[in-house]
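Chemist: Handing you this structure, nothing more for now.
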Amino acid sequence: MSTEQQILPKDAAAAEGKVNVQINGTWYRFPKGTRIADACNSVGVHVPCFCYHPKLSVAGSCRMCLVEQGMPPRLAPGATPTYNDDGYQTIQWMPRAIVACANTVAENMGIRTNGTVCTEARRAVLEFLLTNHPLDCPICDQAGECKLQEYTADYGQLTHRFTESKIKKGKNLSIGPRVNLDQERCVLCRRCVRFMKEIVGEEVLGVVGRGGRNAIACYPGKTLDSNYSMNVVDICPVGAMTSKDFRFKMRVWFLKSTPTIDVNCGTGTNINIWTREQQVYRITPRQNDAVNSCWMPDDHRLNYKYINAPERLLTPLIRTDQQTEQRPAAWEPLLRAVAEQLRRCKSSELAIIASARLTNEELYLTKHLADLLGVKALDIVPRVGENDGMLISADRNPNTTGAKLILGKDGSTLPDIVRGIKIGKIRSLIVLGEDVTAEAGIPAEQLRKLDYLLVMAHSESPTTQEADAVLPGVTFAEKHGTMINVTGRIQRLNQAIDPLGEARADWDILRALLQECGDVPLKAARATSSMEILEEMAEQFEALSGVTWANIGNSGRQILETGVTIPLIEREHAKQP
Amino acid sequence: MTEQPDAIAALAETKPSPGEKYYPPFKVTPELTKKAKAYIAMYPKGREQSAVLPLIHLVQEKHGYICPQSVLWIAEMCQSTPIHVQGIVSFYPGIRTSCPGKWHIRVCHTIACALSGGEELLSYVCEKIGIDPKAMTEEEPMAVSADGLWSIEAVECLAACGFGPNLMVNDALYSQMDQAKVDDLIEEYSKKA
């Protein structure tokens, strides 16, 4: 060791509030208090975990994350530490492995995950976990995304030494309206128990029995009926908790997952949509610590059935005469006919009811369509519910913030439009992505009396039934676009499946309509994707300046300060030291 | 598909036992509530759940076992949840979920006693009180005689290893047992009944 006044790595790290840790032979620096498991995973050294979940308290019960650990030897009284050429002390390895989830890093600590101590410990843990595990994999929903399967492939042994008969426990137990429990598949990580206790605050799950008969259960008469119950299915590392909705529907390896956002409320929960071909099979939450942590509410998760429902509009429809039925039409002639009809309307007698369920790009095109037609009566349909104190926002529209920014509308002038229709001042109406007979409260009879009703919608509704022309749009799963959530965060919608039938993405319909209606000096009117429309919007709105499709990324970008917060995220922040 | 017994429903099933006639059925009385509150008051505020175990002992001592109704009562008293209480009840072998006989015999079968004749002692006691040793299973370690007077259970160490084989009748320990002493003991307790 050089005798110059050299700064030792420990002092350099301490100045940054960090410690030096050697992982599999390489030195890294981590902030003090980092868990060994997190430290290893952050540098690409995978630590297998069943019970550890970064959002829950540490249980340290599964023993799967055992690693070999060492520290510098304890000094004799009066001795001074010696450092090698790199400035580190030699590491004295402990003969036994420790758990990586319940221990934190320390200065000059050594971690080894590739030695015999570690792999032998993990093999032994797996052997114990598998003694009573049923051979359910061929019929288990978790197969393909099961941690027990993965780790068995990594560390397990192919032969079975356990010749005694396996302990039988409860299978296919209905513990709640949406979740089934299989006690035999459980590895007793207790993630579900901790989730219900710590995140939801309803302690309905617990562990009963002892030793080999240990099992997760809920007390008879109590059920796992929280609106967040299905999150236990996601965090269950094995197939013990399964979703009743997804049970036996599809093997997970056939599914494609697309990162996108939930459109059921203003929170804009980050999700993955799991699809195969043109069918949506399930939705799972995607971690975003600024929006939804790792969770999502059950009713939002299960609200995907309408995407592949028979009510979907798959062809454009036209009604040529008041008395006749709607009949299918081809896109191009229909758009020409619609544009011709709209140009004939008096702009003072025309109104547009748009939706805060449309993307920013679609709202932008809507604004230009209104400008082109000279329409002043334009608004969205507000949807207000109750904030559930967790993730569901009081605003049940996903993009009210976007509508305020782009249209300058928040639904407050909607009653004027509704009255205008009632008294006959408004003779023609364009409805974009709404069923106005529902929340807007316009009776179907009044819609029937209109001179002209143009509707863009993805599914059949009383409004589309009264329409003179129906333009089949798409659901959130079939288009790209951006939305701004209640906190002012812009987030991306990604297309998971192609538009069904002849339906077209809403931005594409609006763009085509804009082109047909007149000569617009807008790049957006000729855009080939919603990303291009966003580029133009970024030039025009201060809040969006510098925003591009790429830099929004899959985790979104805070562009506005609305002052609205998400209760669950606030609680999570409060818990952090 | 055959109807499988539901592992969840089984948690709150009442298991009838002939021993019930010797113990009062569980009932919430002001006296019981008062005792329970005294236990709960021993723990800091917000930690009422810590009193679950003392309350379980309180109920078991008086009523012989922990019935589903008492699980709900204990959970309510300790501001806990039934599943938490059930977790504790099902964890400890010493906490019973069905009623023992009036005289509950615990025979030690840990190594020291087993070596000094504990196993033979167990089958001998069973024979004396008219219980089939096969009725003691891993799921239901305690067997009760048809008249409800006796129950027997093989237990772990009774902390008198130097004086094996040991057995306990209710709370009294009897050491260095042999068949003659068992005969006397059974007779003595039969008279008490």
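Chemist: Using square roots of five times the C-alpha gyration tensor eigenvalues, list the equivalent-ellipsoid semi-axes of segment B:103-192 in whole Å, biggest first.
Modeler: Equivalent-ellipsoid dimensions as semi-axes: 18, 16, 11 Å.
Chemist: What full-extension length gain, to one decimal in nm, is calculated for residue B:6 and residue B:172 as 0.36 nm per residue of separation minus the Cα-Cα distance?
Modeler: Contour length minus Cα-Cα distance gives 55.9 nm.
Chemist: Measuring from centroid to centroid over Cα atoms, what is the spacing of segment B:45-97 and segment A:473-516 in Å?
Modeler: 56
Chemist: Now, a different point. Which FRET efficiency, nearest 0.05, do residue A:277 and residue A:116 yield, Cβ-Cβ r, R0 51 Å?
Modeler: About 0.65, to the nearest 0.05.
Chemist: Sort B:189, A:219 so that the residue with the fewest other Cβ atoms within 10 Å of its own Cβ comes first and the one with the most comes last.
Modeler: Listed from fewest to most nearby Cβ atoms, that is B:189, A:219.
Chemist: Give me the Kirkwood hydrodynamic radius of segment A:143-200 in Å, from all C-alpha pairs, to one decimal place?
Modeler: The Cα-based Kirkwood calculation yields 14.1 Å.
Chemist: Moving on. In Å and on Cα atoms, what radius of gyration and Dmax does segment A:80-172 show?
Modeler: Here Rg and the maximum Cα pair distance are 19.2, 62 Å.
Chemist: For residue A:404, go through the lysines and keep the ones whose alpha-carbon is under 18 Å away, minus same-chain ones fewer than eight residues off.
Modeler: Cα-Cα hits under 18 Å: A:367, A:376.
Chemist: Stretch residue A:249-residue A:465 to full length: gain in nm at 0.36 nm per residue minus the Cα-Cα span?
Modeler: Taking 0.36 nm per residue and subtracting the Cα distance, the gain is 74.4 nm.
Chemist: Taking 1 over the mean of 1/r across every pair of different Cα atoms in segment B:41-193, what Kirkwood radius in Å do you get?
Modeler: 16.7 Å is the Kirkwood radius here.
Chemist: Counting other beta carbons within 10 Å of each Cβ, put A:531, A:196 in order, fewest first.
Modeler: Arranged by neighbour count, lowest to highest, A:531, A:196 become A:531, A:196.
Chemist: To test your reading of the geometry: what angle, between 0 and 90 degrees and rounded to tens, separates the Cα axis of helix B:82-91 from the longest principal axis of chain B?
Modeler: Compared with the principal axis, the helix lies near 20 degrees.
Chemist: Report the one residue of B:64, B:163, B:33 whose Cα lies farthest in the direction of the positive end of the charge dipole of chain B (charges on C-beta: Lys and Arg +1, Asp and Glu -1; origin at the Cα centre).
Modeler: Comparing the listed Cα positions along the dipole, B:33 ranks first.
Chemist: Once you measure Cβ to Cβ distances between cysteines in chain B, which Cys have no partner under 4.7 Å?
Modeler: For chain B, the answer is B:67, B:78, B:99, B:126, B:157, B:161, because their Cβ atoms have no other cysteine Cβ under 4.7 Å.
Chemist: If you don't mind, there's one more thing I want to ask. Using unit Cβ charges (K, R positive; D, E negative) and no other charged atoms, how large, in debye to the nearest 20, is the dipole of segment A:224-304 about its Cα centre?
Modeler: In total the dipole reaches around 400 debye.
Chemist: State the answer as a single residue: which of A:501, A:119, A:459 lies farthest towards the positive end of the charge dipole of chain A, with beta carbon charges of +1 for Lys and Arg and -1 for Asp and Glu, about the Cα centre.
Modeler: Projecting each Cα onto the dipole axis, the largest value belongs to A:119.
Chemist: At 222 nm, what helix-only mean residue ellipticity would chain A give, in deg cm²/dmol to the nearest 500, using -39500 (n - 2.57) for each DSSP H run of four or more?
Modeler: Mean residue ellipticity at 222 nm (helix-derived): -7000 deg cm²/dmol.
Chemist: Run the paramagnetic zone check for residue A:172: 7 angstrom along Cα to Cβ, then residues of segment A:133-159 with backbone nitrogen under 19 Å.
Modeler: A:134-143
Chemist: What is the Cα convex hull volume of segment B:14-91 when expressed per residue in Å³?
Modeler: Measuring per residue, one finds 84 Å³ for the Cα hull of segment B:14-91.
Chemist: For segment A:9-128, just run the numbers: alpha carbon Rg, then divide by 2.2 N^0.38 Å, N being how many residues it has.
Modeler: For segment A:9-128, the normalised Cα radius of gyration comes out at 1.09.
Chemist: How high is the FRET efficiency from residue A:162 to residue A:539, r the C-beta distance, R0 60 Å, rounded to 0.05?
Modeler: E(calc), rounded to 0.05, equals 0.35.
Chemist: Taking just the alpha carbons, could you work out the radius of gyration and Dmax for segment A:197-271, both in angstroms?
Modeler: Calculated on Cα positions, Rg and Dmax stand at 15.6, 46 Å.
Chemist: For a bin width of 10 Å, list the pair-distance distribution of segment A:429-577 built from all Cα-Cα distances, rounded to whole %.
Modeler: Answer for segment A:429-577: a P(r) of 10, 29, 32, 22, 6, 1, 0 percent.
Chemist: Also: Say each of residue A:562 and residue A:128 gets a label point 7 Å from the Cα, pointing the same way as Cα to Cβ; how far apart are those two points in nm?
Modeler: The modelled label-to-label distance comes out at 4.9 nm.
Chemist: Given +1 on the Cβ of Lys and Arg, -1 on the Cβ of Asp and Glu, and no further charges, what dipole in debye does segment B:103-192 carry about its Cα centre, rounded to the nearest 20?
Modeler: 220
Chemist: Can you list, bin by bin at 10 Å, the percent of alpha carbon pairs in segment A:192-333, starting at 0?
Modeler: Histogramming segment A:192-333 at 10 Å steps yields 10, 31, 27, 17, 9, 5, 2, 0 percent.
Chemist: Let me ask something else about it. With just the Cα atoms of segment A:378-459, tell me how far they stretch along each of the three principal axes, in Å, largest first.
Modeler: Rounded to whole Å, the extents work out to 45, 24, 23 Å.
Chemist: Pop the C-beta distance of residue A:347 and residue A:515 into the FRET formula with R0 = 25 Å and round what comes out to the nearest 0.05.
Modeler: The value I calculate is 0.85.
Chemist: Tell me the Rg and the Dmax, in Å, that the Cα atoms of segment A:117-220 produce.
Modeler: 14.9, 44
Chemist: I want to make sure I understand the PRE zone here: with the label point 7 angstrom from the Cα of residue A:309 toward its beta carbon, which residues in segment A:223-264 have backbone N atoms less than 16 Å away?
Modeler: A:263-264
Chemist: Please give the net charge around residue B:35, taking every other residue with its beta carbon less than 14 angstrom from that of residue B:35, where Lys and Arg add +1 and Asp and Glu add -1.
Modeler: +2
Chemist: Continuing with the same structure: Which residues in segment A:423-465 have a backbone N closer than 16 Å to a point placed 7 Å from the Cα of residue A:337 along the Cα-to-Cβ line?
Modeler: A:452-456, A:465
Chemist: Sticking with this one: Evaluate the distance, in nm, between pseudo-label points positioned 7 Å from the Cα of residue A:376 and of residue A:153 along their respective Cα→Cβ axes.
Modeler: For the pair residue A:376/residue A:153, the computed spacing is 6.6 nm.
Chemist: Further question on the same structure: Per-residue ellipticity at 222 nm for chain B, helices alone: DSSP H runs ≥ 4 residues times -39500 (n - 2.57), over residue total, nearest 500 deg cm²/dmol?
Modeler: -11000 deg cm²/dmol
Chemist: How would you rank A:57, B:98, going from fewest to most other Cβ atoms within 10 Å of each one's own Cβ?
Modeler: A:57, B:98
Chemist: What is the distance in Å between the Cα centres of segment A:224-256 and segment B:143-193?
Modeler: For segment A:224-256 versus segment B:143-193, the Cα centre distance is 52 Å.
Chemist: Considering the dipole of segment A:194-253 built from charges on the beta carbon (Lys and Arg +1, Asp and Glu -1) around the Cα centre, which of A:241, A:229, A:201 is farthest to its positive end?
Modeler: The listed residue farthest towards the positive side: A:241.
Chemist: Here is a follow-up. Apply the Debye scattering formula to segment A:322-439, with a single equal point scatterer on each alpha-carbon and no solvent, then give log10 I(q)/I(0) at q = 0.09, 0.12 Å⁻¹.
Modeler: With no solvent term, the Cα-only Debye profile gives -0.29, -0.50.
Chemist: Hey, got the dipole for the protein assembly as shown? About the Cα centre, +1 on K and R Cβ, -1 on D and E Cβ, debye to the nearest 20?
Modeler: The dipole of the protein assembly as shown has a size of about 640 debye.
Chemist: Next up: Where both partners of a DSSP beta bridge lie in segment B:103-192, what percent of those bridges are antiparallel, to the nearest 5?
Modeler: That works out to approximately 60 percent antiparallel.
Chemist: Would you mind calculating the relative contact order of chain A from Cα pairs under 8 angstrom and at least 6 residues apart, reporting the percent as a whole number?
Modeler: Normalised by residue count, the contact order of chain A is 10 percent.
Chemist: Per residue, how much space in cubic angstrom lies within the convex hull of the C-alpha atoms of the protein assembly as shown?
Modeler: 242
Chemist: For a 18 Å ceiling on Cα separation, which of these pairs sit above it: A:222/B:35; A:55/A:305; B:62/B:102?
Modeler: A:222/B:35; A:55/A:305
Every read-out reported here was derived from the displayed coordinates using simple, explicitly stated rules and does not represent laboratory data. Fair warning: this is a prediction, and the values are worked out from it, not measured in the lab. Every residue, glycine among them, receives a Cβ derived from its backbone with ideal geometry; neighbour counts consider all protein chains shown.
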